[in-house]
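Notes for the one structure printed next.
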Amino acid sequence: MEQLIFDPMQHNYLYRTLVSIRLRLTSIVILLATIASNAQSSGISSPDNKISVVVQTSDGKITWQVSHNNRLVIRPSLLGLATTEGPAGPWRFDSSSAVTAVSENYELFTGKKSQISYKANRRTFYYSDASGKPLHIIYQVSNDGIGFRYFVPAHDTVRVFDEQTTFNFDTATRAFLQPMQAAKTGFESTNPAYEENYRQNIPVTSASPTGWAYPALFKQKEDIWILISEAGLDGKYCATRLKNEQQSPAFKIAFPDPREIMEIDGLLPRSAGSLFSPWRVITIGSLKNIMESTLGTDLSPASVLSDHRFVEPGKASWSWIMSKDDSIVYSEQKRYIDFAANMKWKYCLIDANWDKNIGYDRIRELAAYAGTKKVGLLLWYNSAGSWNTVKMTPKDKLLTPQSRREEFTLLKGMGIKGIKVDFFGGDGRSVIQYYIDILNDAAEAGLLVNFHGATLPRGWSRTYPHLLTTEAVKGFEMITFNQRDADNEANHATMLPYTRNVFDPMDFTPTNLYKIQSHVQRKTTGAFELATSIIYLSGIQHIAESPDGMSQVPLFVKQCMQQLPDRWDEVRFMEGYPGKYIVIARRAGKKWYIAGINGENVPRKVQIDLSAFKSGKATCIKDGRTKLDFTAETLSPASPATVEMQAAGGFVIALE
């Protein structure tokens, strides 16, 4: 047996080695504990796990980042609210909730689908600042994108002085953005009205001194698109915009210009108690994902209406778009009522100064006459107030709750179906509250609403279904005013479906089938114009055509305009690219319509598999020999169809 010999030198060496290892392990444990105390991270993913969000707290700052299919698409970006006049934070992570499932079904009257099912995962992250004031950040992640918003619990008044939310992109990202209009500029100082052209495919580091309007579209490598907007404004928060510094790919939430108010201290968010911010809406995926998403209304509050029976989408005749102010007389409005009845349209809009040119009593007569023709009248109003210098009337009728309710009661008694309210000119909290006050009182009276010269509606069409449309776009009226906008119509028109009109109804007032009644010459084809009545979504589609113009088009075009649905049940994005072209299919009942427009100055061919729609008959209306001509042909519903669009041309295919 081997004898063990004790060696004091070896024993000391082993002892020192073990002590050294123990000290190193202790240091590592302390380091890890320090890191854990300084950086806390948690996450949440979409139900299909393709979209993931990581939220982290480090050195008193909250950051978030987003991956799509394991590819980073939004780089670490700041979060937080400043509820005092100093800097926000520093923030301490307190805890987070368990992930819970969200499932909602709702009806939409003005969108790309009528019945919508929304499913998402939800998680709330809890923070506090150095004084112990709490801040909750609520995330909902669905298969098509992300919504998050802030919640500030409180018993007394909450004010927000700044929002730190940032969206930080890779510098290789390209952007499609609309500059915000400078406050108190434009016609009678009525801006901002969201009526600029989009800057297309620009470097993400491009900046605008006034910021960028929603929706903001970004393109990354591997055909990943990101659309940013907001939803759920409730009158306690101002509408916001995005802003970045020159050469910076980081876009921060920015508040409106201080002049965008209708009362003192009416700009920034304020609540008499707990406050929710609007949802920050981020749709992610292919263009098809973006175009078929309903995330902007999914995240909006449910309908406030208990009775939806008066909410009837439809098309409208409108004299002003072709004949301007001189057309607002009794005889011409009667002619446009007859025009609407002949076209089987539900409405006729009577524009500004009707109270002076026609008068309330004779408007009542027109409403009764329109009723015999099954046409409803819509009346124009000036939003009034000190924020614009517009002299058109009726004015000052809607400013106070009492006068507004009295006017709405009068209109309802006259048989009027809805109102168009114009020239708001601001995104401050007090102006947003004014919109909501009008919507609530109109709902009580059973009146439809259309906002013009207005802010982006940001999902309001779900919460207030009687808000059938809103302008907030450089629309067809601008084309009637000057040749430059007419020359740019095709390009502009092929940007809007990918941006402004993705979530919210848009009163572009499209579809001039013959000629503009001014010195301006339209550059698009008649088939292009016909297609916009399908491509553009609006609860009330005000058609930019006159009775005389409609008499010039072929019978099959007129019949198409008579038969077009007023509401859509389903959408399929076929193909396209922002600012270049779009082909989209919409279903109403059992009938499908496929519409395409070409935004470029060269012809484009598209191939469509009609068999995918399982229809028995297919008819196509497309470009003719000249821009004013149309061609109709029958297609095989069981075969692929190749359709050529002329430069600034288009087509419509009806399948039944």
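The values are calculated or read from the model by the stated rules, or taken from the named source; none is laboratory data. Bear in mind the structure is a predicted one, so any value in this text is a computation, not a measurement. No Cβ is skipped: glycine too gets one built from the backbone with ideal geometry, and neighbour counts run over all protein chains shown.
When the stretch 288-310 is filtered for residues that are crowded, with 20+ Cβ neighbours inside 10 Å and of a type in the set (A, V, I, L, M), the ones remaining, listed by number, are Ile290, Met291, Leu295, Leu299. When you go through Glu85, Glu104 one by one, which is the residue that is within 21 Å of Thr283 (Cα to Cα), acidic (Asp, Glu) and either touching an Asp or Glu at 6+ places or on another chain (Cβ under 9 Å) or modelled with pLDDT under 95 (or both)? It is Glu104.
For the stretch 475-495, the tally of residues that are under 19 Å from Ile597 (Cα atoms) and part of a helix (DSSP H, G or I) stands at 10. Only one of the listed residues (Ser533, Ser538) is within 20 Å of Gly376 (Cβ to Cβ), crowded, with 24+ Cβ neighbours inside 10 Å and of a type outside the set (A, V, I, L, M). That residue is Ser538. You will find that of Glu633, Glu575, the residue that is among the charged types (D, E, K, R), in contact with a strand residue (DSSP E or B) (Cβ under 8 Å, 6 or more places away or on another chain), in a strand (DSSP E or B) and over 28 Å from Pro505 (Cβ atoms) is Glu633 and no other.
Within the stretch 288-310, the set of residues being among the acidic types (Asp, Glu) and over 13 Å from Tyr106 (Cβ atoms) comprises Glu292, Asp307. If you go through the stretch 527-537 and keep only what is more than 21 Å from Glu633 (Cα to Cα), in contact (Cβ under 8 Å) with a residue 60 or more places away in the chain and out of contact with any Lys or Arg (no Cβ under 9 Å at 6 or more places or on another chain), you end up with nothing.
Pull up the stretch 340-364, narrow it to residues that are over 18 Å from Trp380 (Cβ atoms) and assigned to a helix (DSSP H, G or I), then point me to the one that is nearest to the chain's Cα centre (by Cα). So the residue we want is Met343. For the stretch 274-283, check the following and say yes or no: at least one residue is of a type in the set (Gly, Ala, Ser), farther than 21 Å from Ile228 by Cα and in a loop (DSSP other than H, G, I, E, B). So far as the stretch 274-283 goes, yes, one or more of its residues are of a type in the set (Gly, Ala, Ser), farther than 21 Å from Ile228 by Cα and in a loop (DSSP other than H, G, I, E, B).
Hey, any hits in the stretch 424-441 for a residue that's among the basic types (Lys, Arg), touching a residue at least 40 places away in the same chain (Cβ under 8 Å), farther than 29 Å from Lys219 by Cα and in a helix (DSSP H, G or I)? Yes - at least one qualifying residue is present in the stretch 424-441. Per the conditions (1) surrounded by fewer than 16 Cβ atoms within 10 Å (Cβ to Cβ); (2) within 26 Å of Ala443 (Cβ to Cβ), the sole criterion not satisfied by Arg362 is (2). Asn69 fulfils the conditions (1) surrounded by fewer than 16 Cβ atoms within 10 Å (Cβ to Cβ); (2) over 28 Å from the mean Cα position of the chain (by Cα) except for a single criterion, (2). Among the residues making up the stretch 214-230, those that are out of contact with any Pro (no Cβ under 7 Å at 6 or more places or on another chain) and part of a strand (DSSP E or B) are Tyr214, Pro215, Ala216, Phe218, Lys219, Gln220, Ile224, Trp225, Ile226.
Within the stretch 435-444, none of the residues are surrounded by 23 or more Cβ atoms within 10 Å (Cβ to Cβ), touching a Gly at 6+ places or on another chain (Cβ under 9 Å) and farther than 28 Å from Glu104 by Cα. Which of the residues that make up the stretch 445-471 are hydroxyl-bearing (Ser, Thr, Tyr) and within 16 Å of Leu108 (Cα to Cα)? Across the stretch 445-471, the qualifying residues are Ser461, Thr463, Tyr464, Thr469, Thr470.
If you check Ile432 against the conditions, is it within 24 Å of the chain's Cα centre (by Cα), among the β-branched types (Val, Ile, Thr) and modelled with pLDDT of 95 or more? Considered against the rule, which asks whether it is within 24 Å of the chain's Cα centre (by Cα), among the β-branched types (Val, Ile, Thr) and modelled with pLDDT of 95 or more, Ile432 comes out as yes. Looking at (1) under 30 Å from Thr171 (Cα atoms); (2) assigned to a loop (DSSP other than H, G, I, E, B); (3) within 21 Å of the chain's Cα centre (by Cα), which is the one condition that is false for Glu245? (3) is the only condition that Glu245 fails.
Against the list (1) buried (at least 18 other Cβ atoms within 10 Å of the Cβ); (2) of a type outside the set (D, E, K, R); (3) farther than 21 Å from Asp504 by Cβ, the condition Trp212 fails is (3). The selection criterion, being crowded, with 18+ Cβ neighbours inside 10 Å and in a loop (DSSP other than H, G, I, E, B), holds for Asp257.
Filtered by the rule that a residue be surrounded by fewer than 17 Cβ atoms within 10 Å (Cβ to Cβ) and outside any loop (DSSP other than H, G, I, E, B), the stretch 580-590 gives a lone residue, Ala588.
Which residue is nearest to Thr642 (Cα to Cα), if the candidates are limited to the stretch 599-618 and must be in a loop (DSSP other than H, G, I, E, B) and over 26 Å from the mean Cα position of the chain (by Cα)? The selected residue is Pro603. Does Lys395 satisfy being in the same structural domain as Ser546 (by TED's automatic domain parsing), surrounded by fewer than 20 Cβ atoms within 10 Å (Cβ to Cβ) and not small (Gly, Ala, Ser)? Taking the combined requirement at face value, the residue satisfies it. Does Gly596 satisfy the criteria of being assigned to a strand (DSSP E or B), buried (at least 19 other Cβ atoms within 10 Å of the Cβ), touching a residue at least 60 places away in the same chain (Cβ under 8 Å) and not basic (Lys, Arg)? Yes. Mind listing just one residue for me: the one in the stretch 315-336 that is within 23 Å of Gly539 (Cβ to Cβ) and in contact (Cβ under 8 Å) with a residue 40 or more places away in the chain and, of those, surrounded by the fewest Cβ atoms within 10 Å (Cβ to Cβ)? It comes out as Met322.
Contact map, the stretch 54-82: first residue under 21 Å from Gln140 (Cβ atoms), second residue hydroxyl-bearing (Ser, Thr, Tyr) and part of a loop (DSSP other than H, G, I, E, B), Cβ cut-off under 8 Å, separation 6 or more or different chains; pairs are Ser77/Thr165; Leu78/Thr165; Leu79/Thr165; Gly80/Thr165; Leu81/Ser277.
When the test is whether a residue is within 26 Å of the chain's Cα centre (by Cα) and in a helix (DSSP H, G or I), Ala472 does not pass it.
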